[in-house]
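The structure appears below as structure tokens.
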Amino acid sequence: MTTRQSASPAAPATATRTGLPALRDEARRRDERDPLTAYASRYATGGAVHLNGNSLGPPRESLTSALGGVVSGQWAPRQVRAWFQDGWLDLPRTVGDKLAPLLGAGPGQVVVAGETTSTTLFNALVAACRLRADRPVLLVEAGAFPTDLYIADSVARLLDRRLVVEPRAGFDAYLATHGRQTAAALTAPVDFRTGERRAIGPTTALCHTAGAVSVWDLSHAAGVLPVELDACAVDLAVGCGYKYLGGGPGAPAFLYVRSDLQPDVDFPLAGWHGHARPFAMAPEFEPAEGVDRGRTGTPPLLSLAALDHALDPLVDTGIRELHRRGRDLGEFFLTCLGEGRPDLPRRLASPRDPDLRGGHLALRVPDAEGLEQALAGAGVLVDARPPDLVRFAFAPLYVTHEQVWRAVRELHRALP
Ligand SMILES: *Cc1c(COP(=O)(O)O)cnc(C)c1O
């Protein structure tokens with residue numbers, strides 16, 4: 001897809017460009033200065049600008065051969081023996097330990113069991129409530145992702161607890177005043193609609209002062225925002241493998257359990273892969289030592305292999321640099337957005353201060369789905385969230401400043 005602007009025949013070749021066209025040169029300069037730009041050409045984007053990274057981003061070009069290698073180099077020659085001979089059985093832990101540094105977690109605390117985020121959250125929330133059997137309340141934030149609300153409600157009914165749904169502003173206050181009745185508190189470091197950030201440390205500290213168990217859903221933070229799980233002494237956390245982690249369609253979720261909590265955690269999904277000796281085929285469940293007790297059944301090996309492959313460039317880059325790049329792209333988006341269009345920055349539904357938001361920005365528009373479709377027609381993929389939000393996610397490694405510029409140009413055209 002070509003995006004070149006044709007110069008007006010009347011304009012002398014040396015004329016200084018102004019307005020949005022001038023910012024294209026600035027975009028190129030910024031890309032040239034930033035060593036992380038080199039990663040972008042190694043993703044198979046199909047010529048589109050992928051700002052819907054919260055949902056699904058492009059694969060790395062090398063994914064085809066990596067997965068082909070698993071099939072023809074492991075599965076075909078060794079068949080069932082590959083589970084033992086190619087490290088397949090350990091992959092939930094191998095991938096977990098690979099991901100851990102991006103979450104500020106030491107080894108042995110993250111596992112990718114092969115479940116969805118929803119299932120993993122169910123497992124974590126029930127386990128959290130079981131740690132506080134005598135406390136009546138399960139607390140969740142009202143703006144949480146829908147599945148989190150549904151699962152929390154179901155867990156509360158299952159365990160005969162009272163679900164308390166607090167708006168963002170009342171969440172910490174509830175913990176401060178009613179924390180002693182609270183078994184577990186579920187929230188997220190990034191609001192999935194507005195991108196607003198919640199600091200993990202203070203809310204976790206409030207939980208601990210009150211003796212409640214903190215559970216974090218990191219789906220919109222993992223891979224783009226430092227979360228410092230160990231430093232904040234988070235109890236349990238879960239998150240998607242297919243958002244900024246780029247694991248691909250239906251990539252499995254991850255689970256974090258702080259090491260000193262692991263001996264006491266009793267997961268409801270007591271599957272045989274979470275057993276201390278899965279192949280002893282014992283009639284009674286005996287949980288594995290450590291985070292392995294968070295495993296369930298036979299993991300989806302090819303999906304795990306795809307996630308494993310997706311993590312390499314993220315881990316090589318490190319979360320500080322990923323965050324820095326994502327922030328630069330978001331700030332450049334805002335610079336372009338207002339260029340010649342002072343009306344558009346007023347549509348911002350996210351905090352203007354980059355310290356107060358995660359990896360995405362949201363704009364309030366009259367017809368969010370219409371805008372999503374118009375942009376898609378111009379090769380810019382974003383996502384609408386009803387009723388009136390359009391989100392722009394800045395995945396650090398496959399989005400460039402020039403693509404951000406192009407997205408804003410199309411946005412200007414689509415919102416006359
Ligand atoms: C995307 C997302 C999910 C998705 O759950 P799945 O079971 O993987 O479909 C859950 N929670 C949050 C906060 C999310 O952003």
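What follows is calculated from the coordinates using simple rules that are stated; it is not laboratory data. The structure displayed is predicted, hence computed values, not measured ones. Neighbour counts are summed over all protein chains in view; Cβ atoms, including those assigned to glycine, are modelled from backbone coordinates with ideal geometry.
Structure above, values below:
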quantity: Extension gain, GLN85 back to ASP367 (0.36 nm per residue minus Cα-Cα distance, nm); calculated: 96.1 nm
quantity: Gaussian network model of the chain, Cα within-10 Å springs - most flexible of GLY96, GLY370, GLY330; calculated: GLY370
quantity: Three-way shape call for the range 89-316 based on the alpha-carbon gyration tensor, with the a/c threshold at 1.5; calculated: oblate
quantity: The chain: DSSP helices with Cα axial extent of at least 24 Å and average Kyte-Doolittle hydropathy no lower than 0.0; calculated: 301-317
quantity: Stokes-Einstein D in µm²/s, Kirkwood radius over Cα pairs - the chain at 4 °C with 1.567 mPa s viscosity; calculated: 57 µm²/s
quantity: Antiparallel bridges, percent of DSSP beta bridges restricted to the range 89-316 (to nearest 5); calculated: 35 percent
quantity: Pairwise centroid distance, computed over Cα atoms, of the range 232-268 with the range 31-90, Å; calculated: 21 Å
quantity: Among 153-162, 42-51, the order from most to least packed when residues are scored by Cβ within 10 Å on average; calculated: 42-51, 153-162
quantity: Two-site label geometry, ALA205 and THR177: point separation in nm, points 7 Å out along Cα→Cβ; calculated: 2.2 nm
quantity: Derived scalar couplings ³J(HN,Hα) [the range 265-274; Karplus, 6.51 cos²θ - 1.76 cosθ + 1.60; whole Hz; x for Gly, Pro]; calculated: 7, 10, 7, x, 8, 7, x, 5, 6, x
quantity: Sorted peptide list for 395-407, 246-258, 131-143, criterion being average Cβ within 10 angstrom, highest first; calculated: 395-407, 246-258, 131-143
quantity: Amide N proximity, the range 355-389 versus SER55 label position 7 Å along Cα-to-Cβ, cut-off under 11 Å; calculated: 369, 372-373, 376, 381-386
quantity: Karplus-derived HN-Hα couplings along the range 276-283 (A = 6.51, B = -1.76, C = 1.60, θ = phi - 60°), whole Hz, x at Gly and Pro; calculated: 4, 9, x, 8, 7, 6, 5, x
quantity: Contact order normalised by residue count of the chain, Cα under 8 Å, 6+ apart, percent; calculated: 23 percent
quantity: FRET efficiency estimate (nearest 0.05) - Cβ-Cβ, ALA231 to TRP272, R0 35 angstrom; calculated: 0.55
